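First the structure, in the form of C-alpha cells, and then the observations on it.
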Amino acid sequence: MNSEEQQFLNDLDKRLWNAADRLRSNVNPSDYMHVVLGLVFLKYVSDAFQERRAELQAAFSNPEHDYYLGPDAGDLLEQELEARDYYLEKNVFWVPALARWDFIRSNAKVLNGTVLQVKNGKTFDYEFKSIGRLLDDALEAVEKDNPKLKGVLDKSYARWRVDDALPGLIDAFSDVPFNHGSLKAKDILGHVYEYFLGEFSIAAGKRGGEFYTPKSIVSLIVEMLQPYQGRVYDPCCGSGGFFVQSERFVEEHGGKVGQISIYGQEANPTTWRLASMNMAIRGLDFDFGKEPASTYTRAQHPDLRADFIMANPPFNMKAWKDGVKDDDVRWKYGVPPDGNANFAWMQHMIHHLAPHGSMALLLANGSMSSSTNNEGEIRKAIVEADLVECMVALPGQLFTNTQIPACIWFLTKSKAARGSGNSAWKDRQGQTLFIDARKLGYMKDRVLRDFKPEDVARVANTFHAWKRGEAVDEPGYAKAATLADIRAHDHVLTPGRYVGAAAQEDDGEPFDQKMARLTATLSEQFAESARLEAAIRHNLAGLGYPLQPPAPAQG
C-alpha cells in the first residue's frame with residue numbers, strides 16, 4: 001500500500017466514523033457496533049457480487065473468452081448473470097436481489113408500508129414498513145442462500161428502532177468505492193471493519209477486549225511464527241484478528257492464502273458472529289465450528305492437530321472449570337487450578353499442536369513466576385519437556401481492556417534442526433530465548449501504548465536469528481539461556497531475570513572527576529535547600545506560625 005492509498009483509508013475511516021457516530025443518540029451502546037458492522041457486511045458482499053458480475057458481463061461479451069455468449073445473447077445474458085455457480089466458483093457470496101446495495105439504498109427513505117418490485121432475473125413483490133425490516137430480511141436472504149453464514153448475521157434492525165438514522169448512514173456507506181488504486185473491495189471494507197472494531201473496543205472499555213486484540217501485538221506474533229502454510233488455529237478467536245494478519249503475512253511474502261486452513265472457536269455468540277463476518281468480508285474460508293461454544297466443554301475441533309496456534313485468552317480467567325474433569329487428557333503437565341485458566345489454555349493448545357507445530361499465547365505476567373495452586377509445578381513440567389521456545393515481556397498499556405502486564409509464550413513440539421538454505425533452523429534443544437521488550441514502543445495517546453513497525457521487526461528478527469543459530473545476546477534486551485540456567489532460577493521465566501541490565505555508555509569522563517563534580521553539585525543543592533528552609537521558617541514566624549524544628553534522629 002502506498003502513502004496515497006493509506007491516506008485514502010485514513011480519510012475514509014474518519015468520514016465513516018463521523019457518520020456512524022450519529023447513532024449514539026438512537027442506539028444503546030451495546031447495540032451501536034452491530035448496527036454499523038452489519039451495514040459494512042452488506043455493503044461488502046454486495047460490492048464483491050457486483051464486481052464479479054461486471055467481470056462476467058465482460059467475459060460473456062468477449063469473443064475471445066470461453067464464456068462468450070455470442071452477438072445475440074439477449075435474455076440469455078441476463079440469465080447467465082444470475083447463475084449462482086459463476087459466483088461460487090470465485091468464492092464470492094451469492095447475494096439475492098433483495099439484499100443488493102442498490103436496492104437497499106434506493107428504498108432506504110421509504111418508511112411507510114408499500115409494495116416494492118425489482119426486476120433482476122425475476123420479478124418479486126415485497127412488502128415492508130420500515131428500512132429496519134428490509135435490512136433484517138436482506139440479511140435473512142443472504143444467510144439462506146449461503147449456508148456458510150447460517151446463524152452468523154445479527155438480524156435485529158427492526159428491534160433497534162433506528163429507522164431515522166439509517167438512511168443517512170446508508171448514504172455514507174454508499175460512497176465507499178469497492179476499489180481505489182491497487183485496493184479491492186475486500187481490502188477497503190476489510191480495513192473499515194477492522195478500524196470500527198478497534199474504535200468500538202476503545203469505546204467499550206473492558207468489554208472491548210472480548211473481540212479485539214491490538215493490531216501491533218497480532219502483527220508481532222504472526223511475524224515471529226510465520227504461518228506460511230498449514231493449519232492455523234485459535235481456540236478463543238475473538239473477532240479473528242490473528243487470521244486476518246496471517247492472510248496479510250502470506251500475501252506479503254508471495255504465498256497463496258489457499259495454503260492455510262483456518263480453524264477457530266469462540267464461546268461468546270456476539271463475538272463468534274463478528275469473527276465469521278470478518279472472515280467472510282475478506283473472502284477467507286474458515287471453520288469456526290457449528291456454533292459458539294466453550295473450548296473446554298464443547299470442543300468444535302476435537303481431532304485437530306494444528307501447525308500454528310495463536311491465542312489471546314482472557315487473562316487469569318476464574319470461572320472456567322464447570323464440566324471439566326481433573327483426568328482430562330489435555331492436562332498432561334498438571335491439573336490447572338480452578339481459579340485461574342492460564343495453564344488450562346496453554347495445555348489445551350499444546351494438546352492440539354502438530355508434532356512440528358509452533359504456538360504463541362498471550363498471558364498475564366504472573367504466569368511466568370506464579371507458584372501457587374500447582375501453577376509452578378505445571379510450568380516446571382512444561383519447561384523440563386523442552387517446549388518453551390521463547391518468552392517475550394511486553395510493555396504496559398498495550399491493551400484497551402486491561403492494565404495487567406502481559407507476556408507472550410512461544411512453544412514448540414520440536415526444537416530439532418530442520419530446513420535448508422536461508423530458512424534452515426539450527427538444533428536449539430535445551431535452549432530458550434528471553435526477550436525483554438518492555439522499553440519498546442511509544443505512547444500513541446495519553447492512555448495507550450503501541451509498537452512501531454521497527455519494534456515488531458526488531459523482536460521478530462532477533463527470534464529468527466536465534467533460530468538460525470546466530471548470537472543474539474544483548475544486555476537488557478535478549479538472552480539465549482540453557483535449561484540449566486532456568487533450573488537455577490527455579491523455573492521462573494521472567495525475561496528480566498536472564499537478560500540483565502543494559503550496558504551503560506561510557507561518556508569519557510574519568511571516575512574521579514565525575515565523583516568530584518557530582519559531590520560539588522550535591523553540596524550546592526544541600527546549601528540551596530538550607531537557604532530555602534531558613535526563608536520559609538522566617539516567613540512563617542512573621543505570620544505567627546513558627547515551624548517546629550525536626551525531631552532528632554533515633555539511634
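The values are calculated or read from the model by the stated rules, or taken from the named source; none is laboratory data. Because the structure is a prediction, the values reported are computed rather than measured. FYI the Cβ positions are ideal-geometry reconstructions off the backbone, even for glycines, and counts take in every protein chain you see. Just the protein is used for accessible areas: all its heavy atoms, side chains included, with ligands, DNA and RNA removed. Shrake-Rupley method; radii C 1.70, N 1.55, O 1.52, S 1.80 Å.
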- request: At q = 0.13, 0.29 Å⁻¹, what is the base-10 log of I(q)/I(0) for region 153-196 according to the Debye formula with one equal point scatterer per Cα and no solvent? Please give it to two decimals.
  value: -0.40, -1.02
field: Identified option (computed log10 I(q)/I(0) by the Debye sum over Cα atoms at q = 0.09, 0.12 Å⁻¹; candidates [x] -0.65, -1.22; [y] -0.81, -1.36; [z] -0.79, -1.17)
entry: [z]
statement: For residue 290, counting only lysines whose alpha-carbon sits under 17 Å away and dropping same-chain residues fewer than eight positions off, the answer is 144, 148, 150
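What shape does region 336-416 have by the C-alpha gyration tensor, where a ≥ b ≥ c are the square roots of the eigenvalues, rounded means a/c under 1.5, and otherwise prolate means a/b greater than b/c and oblate the rest?
Here region 336-416 falls in the oblate category.
Rounded to the nearest 0.05, what FRET efficiency do residue 175 and residue 55 have when you use their Cβ-Cβ distance and R0 = 30 Å?
The pair residue 175/residue 55 has a calculated efficiency of 0.85.
Keeping all protein chains in place, calculate the accessible area per residue for region 133-200 (probe 1.4 angstrom), answer in Å².
39
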- request: Compute the Rg/Rh shape ratio of region 179-262: radius of gyration over Kirkwood radius, all on alpha-carbon atoms.
  value: 0.98
query: For region 411-458, with every protein chain kept in place, what is the accessible area per residue (1.4 Å probe, Å²)?
result: 59
Phi to ³J(HN,Hα) by Karplus 6.51 cos²θ - 1.76 cosθ + 1.60 over region 539-546, Hz, x for Gly, Pro: 5, 5, 5, x, 8, x, 10, x
task: Run down the lysines and flag those whose C-alpha is under 16 Å from the C-alpha of residue 444, throwing out any fewer than 8 positions away in its chain.
output: 215, 452
The chain: relative contact order as a whole-number percent, Cα under 8 Å and 6+ apart: 9
message: Need the full-extension length gain, residue 488 to residue 294, defined as separation in residues times 0.36 nm minus the C-alpha distance. One decimal, nm.
response: 66.0 nm
task: Can you work out the accessible area per residue across region 221-269, with the rest of the protein chains kept in place, probe 1.4 Å, in square angstrom?
output: 35
task: Once you have the Cα-Cα distance between residue 9 and residue 150, take 0.36 nm times their residue separation minus that, and quote the gain in nm to one decimal.
output: 47.7 nm
- line: Rounded to the nearest 5, the percent of antiparallel DSSP beta bridges in the chain equals 60
query: Between residue 322 and residue 418, how many nm apart are label points set 7 Å from Cα along the C-beta direction?
result: 4.0
task: Give 184/256; 332/467; 109/186; 109/129 a once-over and call out the pairs whose C-alpha atoms are over 19 Å from each other.
output: 332/467; 109/186
message: Once neighbouring chains are kept in place and the probe is 1.4 Å, which whole percent of the accessible area of the chain is contributed by carbon and sulfur?
response: 49
field: Pairwise FRET efficiency - residue 129 versus residue 72, Cβ, R0 = 41 Å, nearest 0.05
entry: 0.40
Inter-label distance for residue 251 and residue 79, nm, one decimal - labels placed 7 Å from Cα along Cα-to-Cβ: 3.7
